[in-house]
Amino acid sequence: MLFSVRVCYNSYVKKVALSKLFLYRYRFYIGFFLLAVAYLTLLFGLPLLAPNGLSEAEMASAAHSYALQPDNILRGDLVNLPYRALQKLSISVLGLSVYSVKLPSIILGVFLGLLLILLLNRWFKTNVALLASILAVLSASFLYLAGSGTPLIMLVFWPTLLLWLGSKIQGVTKPKPSYCFIFAFALLASIFTPYMIYLAGFIVIFALLHPHLRFTIKTLPTIPLILTIFIILLGLSALVVAAFINPAIIPELLLAPGLTMNGFIDNVKVAFLPLFSWSTTLESDFLSPFVGLASIALAVIGLLSTAKGFFASRNSIASWLIVFTIFLAGLNPESAILILLPLAILIAHGLRYILDKWYDLFPDNPYARISAVFPIGFFMGIMIIGGISHFIFGYRYVPMVADEFDNDITLVRANIEPGSTLYVIDDETAYNFFKILESEEKFCTVENTLPAPENYPKNFATLGPTEVSGELINIITSPKSNNSDRIYLYTSNQQVPEQVQE
């Protein structure tokens, strides 16, 4: 008996002494601060790291965004409107460049990372949330998403926002009406992003079928509930009106009209092969493996650990999101990127299970409990460093992926004289992209058809080899091109008449 009391006393003294240490008391604040610094540094340095250029999808997105006009709303052109407006603002202010095209996704990536951290911190203990947040936001897949200059990031942003808002409503005795209103507006805005109308339907069905969520809805105050339903119905009405004015948005929002079952299965294969395969064999913007083996292992542990309490809303939501992602991937392979959200949740479940099992082994020994920091830290360090290295070097040197990106805009700005003409032949995406340069004062004119030789401008260039009878003065090469040569600079022998002064 005396020995037992002495052990308990020593354990209590050790815990008290440990709790007074500065690093121990503020370990979570320090951890989240270091995570924020590392994440922001990587995020805003992404255009300099990888993929070191723009893909065809990014150039198409930039051209589409720059064509945005104030009357687009009246014409029913509402698809991805928030992202397009932000991207046009970025290009208009900073000029056309790799950085200005990617900046909207970088900014949204900051908010997405914050929302994911808040969501995990809401559902899990702080230690689990911190470790899972580090693995999620510093992963190669998350960095790629935040550095892609396309609206693809919205496919993960809206569900993460809606889940966090839902967590502020569900499980609270008296949820604030403001969260209900914000949730309704976010759900309204999300349906104008491709594929997200299915998510809205999934959320409604899931909330009505799940007993915990049904109870939450019943306990909401009457007036906020009615106003929330009214806002959602208003959004659906706006969608119907926009579709009536501009029917072209219907297939864009609903995806792949006329898709067959065989096409659906093929899309699922194409979508998930780069995510989990261990050799890049397909030409794709996604680097294989998009999700590392260690992350998959943690997610599997998390999935198995939630089987016992599957019907708890936060346990089942990740599993149903995976099923929903597979459905979306069958409609459009790019939507497989949504898998990042349920994987982050399952990884947190896996870490929680591992830590709980370790703490159960040493319930009264604080030093033994803390000793788990070293193997976990070593394991996470390998995952993070390996993931970032895979991201940086893979997108630069894996041929099937690196070939999907080019740095033509950097070469054009560095080598074409202001006032010259750039001819982009047989490439509509590149032509629409470089056409943005015409709006920049005194830079260059962009054309997609060569004139007769006698009408050549004094200085001009072609993007790629083209039959031209002018005098070739230089060839600009790039390591991002299979044939190395990207821009051909010419000068014309024709005498350009001086402008007549009126």
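The values are calculated or read from the model by the stated rules, or taken from the named source; none is laboratory data. No experiment lies behind these values; they were computed from the predicted model shown. Positions of Cβ are generated from backbone atoms using ideal geometry, with glycine treated the same way; all protein chains shown enter the neighbour counts. Heads up: the accessible areas ignore ligands, DNA and RNA and are worked out on the full protein's heavy atoms, side chains in. Shrake-Rupley method; radii C 1.70, N 1.55, O 1.52, S 1.80 Å.
Of 462, 445, all but one fail to be outside any loop (DSSP other than H, G, I, E, B), without any contact (Cβ under 8 Å) to a residue 40 or more places away in the chain and either open to solvent by less than 60 Å² (accessible area, probe 1.4 Å) or touching a Lys or Arg at 6+ places or on another chain (Cβ under 8 Å) (or both); the exception is 445. Kindly provide the set of residues from region 117-134 that are open to solvent by 10 Å² or more (accessible area, probe 1.4 Å) and in contact (Cβ under 8 Å) with a residue 60 or more places away in the chain, ordered by number. The answer is 117, 123, 124, 125, 126, 127, 130, 131, 134.
Restricting attention to region 360-379, the residues being more than 35 Å from the chain's Cα centre (by Cα) and either surrounded by 13 or more Cβ atoms within 10 Å (Cβ to Cβ) or among the hydroxyl-bearing types (Ser, Thr, Tyr) (or both) number 8.
Okay, residues lined up against (1) touching a Phe, Trp or Tyr at 6+ places or on another chain (Cβ under 6 Å); (2) closer than 23 Å to residue 161 by Cα; (3) not small (Gly, Ala, Ser):
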position	(1), (2), (3)
36	no, yes, no
44	no, yes, yes
47	yes, no, yes
65	no, no, no
68	no, no, yes
86	no, yes, yes
94	no, no, yes
99	no, no, yes
126	yes, yes, yes
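A quick yes/no check of all residues on (1) open to solvent by 40 Å² or more (accessible area, probe 1.4 Å); (2) in a helix (DSSP H, G or I); (3) under 22 Å from residue 387 (Cα atoms):
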| residue | (1), (2), (3) |
| --- | --- |
| 43 | no, yes, yes |
| 71 | yes, yes, no |
| 86 | yes, yes, no |
| 91 | no, yes, no |
| 109 | no, yes, yes |
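The residues on offer are 76, 31, 95, and the sole one that is under 29 Å from residue 130 (Cβ atoms) and either open to solvent by less than 20 Å² (accessible area, probe 1.4 Å) or at pLDDT 90 or above (or both) is 31. Residue 383 meets the stated requirement of being surrounded by fewer than 20 Cβ atoms within 10 Å (Cβ to Cβ), closer than 24 Å to residue 113 by Cβ and out of contact with any strand residue (DSSP E or B) (no Cβ under 6 Å at 6 or more places or on another chain). Among residues that are modelled with pLDDT under 85, surrounded by fewer than 18 Cβ atoms within 10 Å (Cβ to Cβ) and touching a Phe, Trp or Tyr at 6+ places or on another chain (Cβ under 9 Å), residue 419 is included.
Checking every residue in region 175-182 against the condition of being free of Cβ contacts under 8 Å to residues at least 40 places away in the same chain and assigned to a loop (DSSP other than H, G, I, E, B) gives at least one match. Residue check: residue 397 meets all listed conditions (1) closer than 30 Å to residue 350 by Cβ; (2) loosely packed, with under 14 Cβ neighbours inside 10 Å; (3) under 29 Å from the mean Cα position of the chain (by Cα) but one, namely (1). Evaluate region 176-194: report whether one residue or more is modelled with pLDDT of 75 or more and surrounded by fewer than 14 Cβ atoms within 10 Å (Cβ to Cβ). Scanning region 176-194 turns up at least one residue that is modelled with pLDDT of 75 or more and surrounded by fewer than 14 Cβ atoms within 10 Å (Cβ to Cβ).
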